[in-house]
1. Only residues that are charged (D, E, K, R), exposed (fewer than 15 other Cβ atoms within 10 Å of the Cβ) and not in a strand (DSSP E or B): list them for region 141-176, please.
2. Kindly check whether there is at least one residue in region 148-163 that is at pLDDT below 95, of a type in the set (Phe, Trp, Tyr), within 12 Å of the ligand (Cβ to nearest atom) and within 14 Å of the chain's Cα centre (by Cα).
3. Would you mention how many residues in region 83-113 are of a type in the set (Gly, Ala, Ser) and exposed (fewer than 12 other Cβ atoms within 10 Å of the Cβ)?
4. Applying the selection to region 54-69, what residues are more than 22 Å from Gly140 (Cβ to Cβ) and surrounded by 24 or more Cβ atoms within 10 Å (Cβ to Cβ)?
5. In the list Leu179, Leu116, which residue meets the criterion of being open to solvent by 60 Å² or more (accessible area, probe 1.4 Å), under 25 Å from Ala21 (Cβ atoms) and either assigned to a loop (DSSP other than H, G, I, E, B) or touching a residue at least 40 places away in the same chain (Cβ under 8 Å) (or both)?
Amino acid sequence: MHVLHFIKQFVFHPTKTGAIAPSSQSLADLITDAADLSNASSVIEFGSGTGIFTEKILQKVSKDTKFFALEINPDFVKATISRCPNVTIYHDSATNAKKYLHRLALKECDSIICGLPWASFSEGLQNELLDTIVDILKPGGKFLTFAYLQGLLLPAGIRFKKNLSTRFKHLTKTETVWLNFPPAFVYCAEK
Ligand SMILES: C[S@@+](CC[C@H](N)C(=O)[O-])C[C@H]1O[C@@H](n2cnc3c(N)ncnc32)[C@H](O)[C@@H]1O
């Protein structure tokens, strides 16, 4: 999917898309390296967009890893499949992740790599999604999500950071990827 199509999705679905451009390759490398994917037996991606993280996840997981993505926008589902034809992706909200884990006869997963636009979500949706994530991660499981630098100043971004630190045992933050548009970093949370 061309960047112009991404911008179009932002114009028609601003709060769900939450960005005017897809993430950079550098951010995709940073978030997928932080997830220790070669040792994960089960991985889920939330909000694949054009599949920039999906492509890296598929390159970094082992052949036995169970992996699927959830994406709420049908145009982005198509874009992810076009970039990664072998991906398992469901057109559904991340809030329903548990249902798809059960289809694999799993209750929990090792890692969640997330591209959701937290700073544009309401408090209720942030809490619902975070509760789902904590529920379906194994103890010691990793949750990786990126945030834009400017979001640290927005009320929803501040609330999100606080919610992460109250729900997870360990929370760290990577360096900033300045060449991402806008500049972004990754939160690394461990249950
Ligand atoms: C900021 S974009 C990131 C896309 C891609 N991961 C990237 O980094 O370029 C946010 C993505 O989350 C998707 N999304 C928003 N709410 C969602 C939800 N509740 N469940 C699944 N996907 C969602 C949007 O449609 C969009 O593709």
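1. Those that are charged (D, E, K, R), exposed (fewer than 15 other Cβ atoms within 10 Å of the Cβ) and not in a strand (DSSP E or B): Lys162, Lys169, Glu175.
2. Yes, the conditions are met somewhere in region 148-163.
3. Final tally of qualifying residues: 1.
4. Thr54, Ala69
5. Among Leu179, Leu116, only Leu179 is open to solvent by 60 Å² or more (accessible area, probe 1.4 Å), under 25 Å from Ala21 (Cβ atoms) and either assigned to a loop (DSSP other than H, G, I, E, B) or touching a residue at least 40 places away in the same chain (Cβ under 8 Å) (or both).
The values are calculated or read from the model by the stated rules, or taken from the named source; none is laboratory data. Since the structure is predicted, the reported quantities are computational estimates derived from the model, not experimental observations. Methodologically, a virtual Cβ is constructed for each residue, glycine included, from the backbone with ideal geometry; neighbour enumeration extends over all protein chains shown. SASA here: full protein model, heavy atoms, side chains in, ligands and nucleic acids out. Shrake-Rupley method; radii C 1.70, N 1.55, O 1.52, S 1.80 Å.
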